[in-house]
1. Quick check: with the 1.4 Å probe, what order do D:83, B:128 take by accessible area, largest first?
2. Given the DSSP H assignment, sum -39500 (n - 2.57) over each helix run of at least 4 residues in the protein assembly as shown and divide by its residue total; what's the result at 222 nm in deg cm²/dmol, nearest 500?
3. About its Cα centre, what dipole magnitude does the stretch A:16-146 give when the only charges are +1 on Lys and Arg Cβ and -1 on Asp and Glu Cβ, stated in debye to the nearest 20?
4. Compute log10 of I(q)/I(0) for chain A with the Debye formula, placing one identical point scatterer on every Cα and leaving out solvent, at q = 0.09, 0.16, 0.20 Å⁻¹, to two decimals.
5. Rounded to the nearest 100 Å², what is the sum over both chains of accessible area buried where D meets C, with a probe of 1.4 Å?
6. Determine which aspartates and glutamates satisfy two conditions relative to residue B:111: a Cα distance under 12 Å, and not lying fewer than 8 residues away in the same chain.
7. Write down the accessible area per residue of the protein assembly as shown in Å², having rolled a 1.4 Å probe over the full set of protein chains.
8. Would you work out what percent of the accessible area of the stretch A:86-146, with all protein chains in place, is carbon or sulfur (probe 1.4 Å)?
There are 4 protein chains.
Amino acid sequence: MTIERAVPAGMRICSTSLRVRYPETDRMGVVHHTHFLAWFEIGRTEWMREAGCSYAELEQGGISMPVIEASCRYLSPARYDDVVAVEARLEEVTRVIVRFGYRIVRQADGKLLATGFTRHAATDSAGVPRRLPRQLASLFSSEGGA
Amino acid sequence: MTIERAVPAGMRICSTSLRVRYPETDRMGVVHHTHFLAWFEIGRTEWMREAGCSYAELEQGGISMPVIEASCRYLSPARYDDVVAVEARLEEVTRVIVRFGYRIVRQADGKLLATGFTRHAATDSAGVPRRLPRQLASLFSSEGGA
Amino acid sequence: MTIERAVPAGMRICSTSLRVRYPETDRMGVVHHTHFLAWFEIGRTEWMREAGCSYAELEQGGISMPVIEASCRYLSPARYDDVVAVEARLEEVTRVIVRFGYRIVRQADGKLLATGFTRHAATDSAGVPRRLPRQLASLFSSEGGA
Amino acid sequence: MTIERAVPAGMRICSTSLRVRYPETDRMGVVHHTHFLAWFEIGRTEWMREAGCSYAELEQGGISMPVIEASCRYLSPARYDDVVAVEARLEEVTRVIVRFGYRIVRQADGKLLATGFTRHAATDSAGVPRRLPRQLASLFSSEGGA
């Protein structure tokens, strides 16, 4: 755990803005629920980039972090052309599992649209589970307060 | 609860087959996790059709059943061109909430790929929550053993 | 060109049925135009399977056929829960290029919803262009009347 | 045609950056071709916003501009986490048809990945074709050099 960190370990929230795309809406006139999981992924990707560990580079190094569980509660609909903030936060790290939590907030009025989490295992490029690489575990535990 | 039903109330499972599409895969070589939620939706749509209540007709009648919670556990990857069965089952019905449970099974080897559930509210066409229409509640409770 | 073939070379049409999925619709209440390209892909995949050459196996053998051009004319909207037929036909084969043509027809009323085509190159698994493998060229020319 | 415009009519190019999302990739390791059409849509949406006419507002006013033709040539693959620029330009305006042209360029190396166009009709909210509203036609012709 670094001393310089202004925000307590485990509290760093990465907020990423995105604008709702037309094909993300459905005929109910709102964003189809599946897309919130894709937004969660964007949120944790940017969280990792901020932590100095781009997911693209991680995969180039032969490590993947597939989703083993995903959950979302939908509180209020998102609509076409809304700008939403995806807030991602590391919630838990063990030797083999990482858990991120998320909030989706509409920027225009600050309304909370959804909350959720994903859990991830680490695997090699063949999909075989493995422990979190030391470097990654170290990064995550410094951020996540293991 | 009808007497003619061979399967006990709440036990009817609707199994729908689908073949994995190329754009459902990602660069990890497996189906991206978001698509399982879309498959769940196909499963419950067919469950409702079998129950004599097509979701398309329901919406034409001014009733929607938006997802208020979705959850999925990913056990094993699905791959391009796999044929999978989406098994959907009504798990719970209250005056305002319906819950479906799902299993995704690869047909070639019977392997269980994922399990999950979704919870739904009933709303009118403007998105305002309302009680389940009597007809629907009756249908669901006869199926779901409320 | 084989003698046994009942249908003249180049005329074999493979028709694949699919039901419109909820997330394929957009807030205009109709299928978003991007999905027609995904349906074209389903059509040519089944065309190839019928020809005895599954695309999945082709890729396992180290050959890909990426889309180098795609075009679609949208004549009438497809709607949620419609069953549509994707008709695919091989239109042209050269040493390096294959072209498929498509028609999307709604089954309930036979209405033509869209027409289009895709052109494909052959590449190895690293994405490097190559000639069509002899076996594939032979298959295609017997079907497509090169 | 306005005199104040620095760029000649029809030459205004709106460039929008976006980062490739994981689910936009497929098992070939590159972006699936369908997503380029979704990117085109993002490009023209931002073009219209820059022109002072947001598409969301247009639809709220009862006018839609559905795609009646789309075409794309794929020159080089886009990959996960690439930042690409979507360049959109109005190419043609008649009383009933609007045509936009697009270029997709990878920002890191300036490589041109794809080119294409879409053609659009104007319809009312029921999907019935109509002339371009005067205001829109005027906007487009001042931009597009009718």
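The values are calculated or read from the model by the stated rules, or taken from the named source; none is laboratory data. All values derive from a computational prediction rather than experimental measurement. Note that each Cβ is placed from the backbone with ideal geometry, even for glycine, and that neighbours are counted across all protein chains shown. Accessible surface is based on the protein model in full, side chains and every heavy atom, while ligands, DNA and RNA are left aside. Shrake-Rupley method; radii C 1.70, N 1.55, O 1.52, S 1.80 Å.
1. Working: D:83 40, B:128 75 Å².
Heavy-atom accessible area, descending, gives B:128, D:83.
2. Numbers: 12 runs with 136 residues, N = 584.
Rounded to the nearest 500, it is -7000 deg cm²/dmol.
3. Values: 17 positive and 16 negative charges, 50 e Å.
Computed charge dipole of the stretch A:16-146: roughly 240 debye.
4. Treating every Cα as an identical point scatterer, log10 I(q)/I(0) equals -0.29, -0.86, -1.19.
5. Working: alone 8430 and 8450 Å², together 14930 Å².
In total, this chain pair buries about 1900 Å².
6. Cross-link targets: B:82.
7. Numbers: 25530 Å² over 584 residues.
For the protein assembly as shown, the per-residue accessible area is 44 Å².
8. Numbers: 1370 of 2990 Å².
Result for the stretch A:86-146: 46 percent of the exposed heavy-atom area is carbon or sulfur.
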